[in-house]
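Enquirer: There's a structure below that I have some questions on.
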Amino acid sequence: MMLTPGTVFKSVSGTVQNMLGAFIKGERVGEKSYRPATEIVLTDNERHSYVVEAYCLDFHKGNPGASDSFSITPPDGQASR
């Protein structure tokens, strides 16, 4: 999967900021490291985590945490500018 710049990660709870995705940085391989990659490739049924460079859209809301979930929505051209 490629990430289209401007893709919005919408907070499922609505209590934390929505995020604007810029690009995929890579697959997480440790607590503080990742293997560089430009796309998400899933070839098994194991759990994978990827690092995505993203920017906050709703500054009046709290920052997302590890337990927050997001749904992916189509790119927002206006917000990505």
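Enquirer: Students often get this wrong: which residues of the range 1-25 have the backbone nitrogen under 17 Å from the point 7 angstrom along Cα-to-C-beta of Glu53?
Expert: Flagged as within label range: 2-9, 19-25.
Enquirer: Roll a 1.4 angstrom probe over the protein heavy atoms and tell me the percent of accessible area of the chain that is carbon or sulfur.
Expert: 51 percent
Enquirer: Something else now. Ratio to report: Rg/Rh of the chain, with Cα atoms as the point set and Rh obtained by the Kirkwood method; give two decimals.
Expert: Working: Rg = 13.1 Å, Rh = 13.5 Å.
Reported Rg/Rh (Cα atoms, Kirkwood Rh): 0.97.
Enquirer: Can you list the HN-Hα couplings for the range 2-10, worked out from phi with the Karplus curve (6.51, -1.76, 1.60; θ = phi - 60°), rounded to whole Hz and with x for Gly and Pro?
Expert: 9, 9, 6, x, x, 4, 9, 9, 8
Enquirer: Follow-up question, since we're still on this one. Whole number in Å², please: accessible area per residue of the chain, 1.4 Å probe, ligands, DNA and RNA not counted. Could you put the intermediate results ahead of the total?
Expert: Working: 5910 Å² over 81 residues.
For the chain, the solvent-accessible area averages 73 Å² per residue.
Enquirer: Can you give the relative contact order of the chain as a percent, counting alpha carbon pairs under 8 Å and 6+ residues apart?
Expert: On the way: 164 pairs, mean separation 33.4, N = 81.
Dividing the mean separation by the residue count of the chain yields 41 percent.
Enquirer: List the residues whose amide H sits under 5 Å from the amide H of Lys25, counting only those 5 or more places along or on another chain, with H placed 1.01 Å from N in the peptide plane.
Expert: Val51, Val52, Glu53
Enquirer: Now for a separate question. Nothing charged except the Cβ atoms of Lys and Arg (+1) and of Asp and Glu (-1): what's the magnitude of the dipole of the chain about its Cα centre? Round to the nearest 20 debye.
Expert: 160 debye
Enquirer: Here's a follow-up. Once Lys and Arg get +1 and Asp and Glu get -1 on their Cβ, which of Ser69, Leu57, Leu3 lies farthest toward the positive end of the dipole of the chain?
Expert: Selected residue: Leu57.
Enquirer: Given a 10 angstrom Cα cut-off, can you work out which residue in Ala22, Ala37, Ala66 is the most mobile in a GNM of the chain?
Expert: The residue that fluctuates most here is Ala66.
The values are calculated or read from the model by the stated rules, or taken from the named source; none is laboratory data. Fair warning: this is a prediction, and the values are worked out from it, not measured in the lab. Because the Cβ atoms are built from the backbone with ideal geometry, glycine has one as well, and the counts that use them run over all protein chains shown. Areas reflect the complete protein model, heavy atoms only, side chains present, ligands, DNA and RNA absent. Shrake-Rupley method; radii C 1.70, N 1.55, O 1.52, S 1.80 Å.
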